[in-house]
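A.B. asks: Right, I'll just put the structure down here and ask away after.
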Amino acid sequence: MISNQILQNTVDGLKNITRKELTLIDREGKLAATTEIGINQDLISFVDSVIDSPAENQMIHGNQYFKITDNSITEYILIVSGDDEDAFRVGKLAVFHIQALMMAYKERFDRDNFIKNLLLDNLLLVDIYSRAKKLRIENGVRRVVYLIGIAAEYHGNAMEVLRGLFPDRQKDFVTAVDEDSIILVKELSERGASEEIEFIARTIFDTLTIEMMSKVYIAIGAPVYDLQNVSSSFKEARLAQEVGKIFEAEKQIVNYERLGIGRLIYQLPLPLCKIFIKEMLQGFSIGDIDEEMFTTVTKFFENDLNVSETSRELFIHRNTLVYRLDKLQKLTRLDLRKFSDAITFKITLMVNSYMQFREKQF
């Protein structure tokens with residue numbers, strides 16, 4: 001149902017146009033919105049009799065009373081001050097406007113409900129297409145799911161910002177199924193490439209970071225062409241979110257289609273990971289690597305095993321870097337200057353990170 005704040009803004013706007021005082025009372029006799037300061041409680045006392053009356057509107061003690069209905073059920077009583085023709089005309093216009101507003105919010109709620117159930121796989125296949133048709137949601141278009149992580153206290157405002165950023169409610173849907181993330185189901189252009197998907201993600205990230213002044217994390221599912229597969233894109237975005245936090249914690253935007261070897265490692269059973277670590281390290285522990293060495297290795301990988309470039313970025317002499325790599329080789333028997341050894345050590349680090357993540361879950 002429409003919030004009282006929306007109703008208050010509506011009657012304030014109508015008063016500014018018509019110069020008439022308006023009051024809205026809900027079906028339980030509670031004040032929903034009013035433009036009058038210190039409203040006369042006698043006005044409210046007549047509401048029950050108006051609801052019970054078969055008439056759509058009545059004039060009582062110099063004020064016009066109008067029913068506002070939804071599916072023949074009275075939801076609000078509108079009171080307009082005055083007993084003249086202008087008051088009657090203003091009341092009719094206000095009733096029409098508020099009922100249209102109720103219908104729009106009801107349709108939005110129905111769409112939101114449909115998208116939530118679609119994401120959670122709560123709909124039968126036949127229901128997906130029948131309800132989509134009823135809600136005028138087109139099938140057979142390219143869509144992708146974005147999972148947007150932001151602090152819980154910003155969720156409400158962030159959702160409104162996203163709805164403003166993607167205002168086409170027929171094509172783009174902003175919702176949430178839990179307290180952890182906001183979900184955007186975004187329609188893409190017919191020939192939209194991966195660049196379009198990344199551009200949208202970057203736009204979301206930049207906008208929310210500026211507007212909310214909070215950390216934002218975005219995970220992207222794979223694009224789909226059928227409504228029944230939207231839930232798959234949602235699951236992929238969730239997987240990308242978890243895999244990204246394990247293996248690419250420094251990234252703010254993670255795409256399911258670019259998870260690489262992290263996706264493979266994530267699906268490995270824990271016992272197999274332990275066997276691999278034991279075989280590779282043979283008693284040596286990743287925890288034995290100090291922060292300086294770890295920073296050196298990370299930068300060395302970032303620079304594609306280039307000794308000169310790595311030493312330059314670390315502001316150390318080339319010989320110092322060589323010394324550190326030799327020291328690591330003595331500990332692990334892996335020479336990171338060799339491509340095969342570097343790959344082995346990189347995978348070992350990733351498997352170790354995955355094991356730590358899994359062990360924290362138990």
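A.B. asks: Kindly indicate whether ASN113 is open to solvent by 30 Å² or more (accessible area, probe 1.4 Å), at pLDDT below 90 and closer than 30 Å to ASP172 by Cβ.
C.D. replies: The answer is yes for ASN113.
A.B. asks: If the requirement is being surrounded by fewer than 15 Cβ atoms within 10 Å (Cβ to Cβ) and modelled with pLDDT of 90 or more, which of these qualifies: PHE345, PHE294, PHE300, PHE339?
C.D. replies: Matching residue, one of PHE345, PHE294, PHE300, PHE339: PHE339.
A.B. asks: Please name all residue pairs, on different chains or six or more residues apart, with Cβ atoms under 7 Å, provided the first residue is in segment 136-156 and is on the phi < 0 side of the Ramachandran plot and without any contact (Cβ under 8 Å) to a residue 60 or more places away in the chain and the second residue is buried (at least 17 other Cβ atoms within 10 Å of the Cβ) and part of a loop (DSSP other than H, G, I, E, B).
C.D. replies: HIS155/ALA176
A.B. asks: For the subset of segment 350-362 comprising residues that are in a helix (DSSP H, G or I) and out of contact with any helix residue (DSSP H, G or I) (no Cβ under 7 Å at 6 or more places or on another chain), which member is most open to solvent (accessible area, probe 1.4 Å)?
C.D. replies: Filtering segment 350-362 for residues that are in a helix (DSSP H, G or I) and out of contact with any helix residue (DSSP H, G or I) (no Cβ under 7 Å at 6 or more places or on another chain), the one most open to solvent (accessible area, probe 1.4 Å) comes out as LYS360.
A.B. asks: A further question follows. Within segment 310-333, which residues are in contact with a helix residue (DSSP H, G or I) (Cβ under 9 Å, 6 or more places away or on another chain), modelled with pLDDT of 90 or more and not in a helix (DSSP H, G or I)?
C.D. replies: Within segment 310-333, ILE316, HIS317 qualify.
A.B. asks: Hey, can you tell me all the residues within segment 223-244 that are open to solvent by less than 10 Å² (accessible area, probe 1.4 Å), within 21 Å of ILE261 (Cβ to Cβ) and among the hydrophobic types (A, V, I, L, M, F, W, C)?
C.D. replies: Residues satisfying the conditions are ALA237, ALA240, VAL243.
A.B. asks: Does ILE277 satisfy the condition of being assigned to a helix (DSSP H, G or I), over 16 Å from the mean Cα position of the chain (by Cα), among the aliphatic types (A, V, I, L, M) and at pLDDT 90 or above?
C.D. replies: no
A.B. asks: For segment 301-318, which residues satisfy the criterion of being without any contact (Cβ under 8 Å) to a residue 40 or more places away in the chain and either under 17 Å from THR332 (Cβ atoms) or touching a Phe, Trp or Tyr at 6+ places or on another chain (Cβ under 7 Å) (or both)?
C.D. replies: Within segment 301-318, LEU305, THR310 meet the criteria.
A.B. asks: Within segment 169-202, can you find the residues that are farther than 24 Å from TYR105 by Cβ, over 11 Å from the mean Cα position of the chain (by Cα) and open to solvent by 40 Å² or more (accessible area, probe 1.4 Å)?
C.D. replies: SER189, GLU190, ARG191, ALA193, SER194, GLU195, GLU196, GLU198, PHE199, ARG202
A.B. asks: Suppose we filter GLY91, GLY13 for residues that are touching a strand residue (DSSP E or B) at 6+ places or on another chain (Cβ under 8 Å) and not basic (Lys, Arg); which single one remains?
C.D. replies: The unique qualifying residue is GLY91.
A.B. asks: Does ASP52 fit the bill of being at positive phi and out of contact with any strand residue (DSSP E or B) (no Cβ under 6 Å at 6 or more places or on another chain)?
C.D. replies: The answer is no for ASP52.
A.B. asks: Within segment 178-271, considering only helices (runs of 4 or more DSSP H) that don't extend past its boundaries, which have at least 2 residues that are touching a helix residue (DSSP H, G or I) at 6+ places or on another chain (Cβ under 9 Å) and under 25 Å from GLU153 (Cα atoms)?
C.D. replies: Of the helices (runs of 4 or more DSSP H) lying wholly inside segment 178-271, those with at least 2 residues that are touching a helix residue (DSSP H, G or I) at 6+ places or on another chain (Cβ under 9 Å) and under 25 Å from GLU153 (Cα atoms) span 194-212, 230-247.
A.B. asks: Let me ask something else. Being part of a loop (DSSP other than H, G, I, E, B) and among the aliphatic types (A, V, I, L, M) is the filter here; which residues of segment 130-167 pass it?
C.D. replies: LEU135, ILE137, VAL141, ILE150, ALA151
A.B. asks: Is there any pair with a first residue in segment 1-13 that is surrounded by 15 or more Cβ atoms within 10 Å (Cβ to Cβ) and a second that is β-branched (Val, Ile, Thr) whose Cβ atoms are under 6 Å apart and which are 6 or more apart or on different chains, and what are they?
C.D. replies: VAL11/THR35
A.B. asks: If you don't mind, there's one more thing I want to ask. Of all residues in segment 93-128 being without any contact (Cβ under 8 Å) to a residue 40 or more places away in the chain and of a type in the set (Val, Ile, Thr), which is nearest to GLU160 (Cα to Cα)?
C.D. replies: VAL95
A.B. asks: May I pose another question? When segment 280-309 is examined, which residues are found to be part of a helix (DSSP H, G or I), more than 18 Å from LYS338 (Cα to Cα) and hydroxyl-bearing (Ser, Thr, Tyr)?
C.D. replies: THR295
A.B. asks: Next question. Name the residues in segment 22-60 that are at pLDDT below 85, open to solvent by 50 Å² or more (accessible area, probe 1.4 Å) and out of contact with any Ser or Thr (no Cβ under 7 Å at 6 or more places or on another chain), would you?
C.D. replies: If the condition is that a residue be at pLDDT below 85, open to solvent by 50 Å² or more (accessible area, probe 1.4 Å) and out of contact with any Ser or Thr (no Cβ under 7 Å at 6 or more places or on another chain), then GLU28, ILE37, GLY38, ASN40, GLN41, ASP42, SER45, PHE46, ASP48, SER49, ASP52, PRO54 are the ones that fit.
A.B. asks: Any residue in segment 263-286 that's of a type in the set (Ser, Thr, Tyr): show its pairings with residues that are assigned to a loop (DSSP other than H, G, I, E, B) at Cβ separation under 9 Å, as long as the two are six or more apart or on different chains.
C.D. replies: Matching pairs, first to second residue: TYR266/LEU259.
A.B. asks: If you don't mind, another one. Hey, can you tell me all the residues within segment 252-270 that are closer than 21 Å to PRO223 by Cα and either small (Gly, Ala, Ser) or open to solvent by 50 Å² or more (accessible area, probe 1.4 Å) (or both)?
C.D. replies: GLN252, GLU257, ARG258, GLY260, ILE261, GLY262, ARG263, LEU264
The values are calculated or read from the model by the stated rules, or taken from the named source; none is laboratory data. On a predicted model such as this, the values are computed, not experimentally measured, just so you know. When we count neighbours, we look across all protein chains shown, and the Cβ atoms used for this are built from the backbone with ideal geometry, even at glycine. Ligands, DNA and RNA are excluded from the accessible area calculation, which covers all protein heavy atoms including side chains. Shrake-Rupley method; radii C 1.70, N 1.55, O 1.52, S 1.80 Å.
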